[in-house]
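Enquirer: Structure below; questions to follow.
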Amino acid sequence: MLDRSVDYLIIQDTPKIAEYTINPICTHLGCTVKSDLDNNHFICDCHESQYDSPAQGVHAPAKRYLPLITGVVKQNQIRLVDRDPAVDPR
C-alpha cells in the first residue's frame with residue numbers, strides 16, 4: 001500500500017527537529033512502512049522488511065536503507081526538500 005503523503009520527522013534529544021526526515025517508502029517493493037515507536041524501528045507490513053531507527057539497519061527482504069529527505073525549519077514551519085540531507089546520520 002503506497003502512501004506518498006507521509007514522511008517521518010525525527011526529533012533529536014535536545015528537543016530539536018533533525019535536519020532530515022525519513023521517507024517511508026520500502027526499498028523492497030515500494031510499500032509504505034509504519035513506525036513502531038515502542039521498538040524504535042519501522043516495519044513494512046506487506047513483506048516484513050524492518051528498518052532500525054533512524055532507518056539504518058535493514059532486515060530482509062529489503063536490502064537498502066530507507067531514503068532520507070532534507071528537513072528545514074524556517075519561520076516556525078517545517079519544510080521538506082526533496083534532496084539528500086547535508087548530514088547523513090548513517
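The values are calculated or read from the model by the stated rules, or taken from the named source; none is laboratory data. Small disclaimer: the values here were computed from a predicted structure and weren't measured. All Cβ positions, even for glycine, are placed from backbone atoms using ideal geometry, and neighbour counts span all protein chains on display. Please note that ligands, DNA and RNA were not included when accessible areas were found on the heavy atoms of the full protein model with its side chains. Shrake-Rupley method; radii C 1.70, N 1.55, O 1.52, S 1.80 Å.
Enquirer: Taking the highest mean first, how do the peptides 47-53, 20-26, 72-78 order by number of other beta carbon atoms within 10 angstrom per residue? Walk me through the numbers before you get to the answer.
Expert: Numbers: 47-53: 17.6, 20-26: 22.3, 72-78: 8.4.
My ranking of the peptides, most packed first, is 20-26, 47-53, 72-78.
Enquirer: What accessible area per residue comes out for the range 39-84, rounded to a whole number of Å², with a 1.4 Å probe?
Expert: Numbers: 3100 Å² over 46 residues.
That works out to 67 Å² per residue.
Enquirer: Next up: Pull up the cross-link candidates among the lysines for LYS34, meaning alpha carbon to alpha carbon under 21 Å and not fewer than 8 places away within one chain.
Expert: Hits, sequence-local ones excluded: LYS63.
Enquirer: Just the number, please: carbon plus sulfur as a percent of the accessible area of the range 21-64, 1.4 Å probe, no ligands or DNA/RNA counted. Could you put the intermediate results ahead of the total?
Expert: Details: 1060 of 2350 Å².
On the range 21-64, the fraction of accessible area on carbon and sulfur atoms equals 45 percent.
Enquirer: Given a Förster distance of 25 Å, report the FRET efficiency between ILE43 and ARG79 from their Cβ-Cβ distance, rounded to the nearest 0.05. Can you show the working numbers first?
Expert: Working: r = 27 Å, r/R0 = 1.10.
The pair ILE43/ARG79 has a calculated efficiency of 0.35.
Enquirer: May I have the convex hull volume per residue, in Å³, for the Cα set of the range 12-90?
Expert: Numbers: hull volume 8.1 nm³, N = 79.
For the range 12-90, the hull spanned by Cα atoms encloses 102 Å³ per residue.
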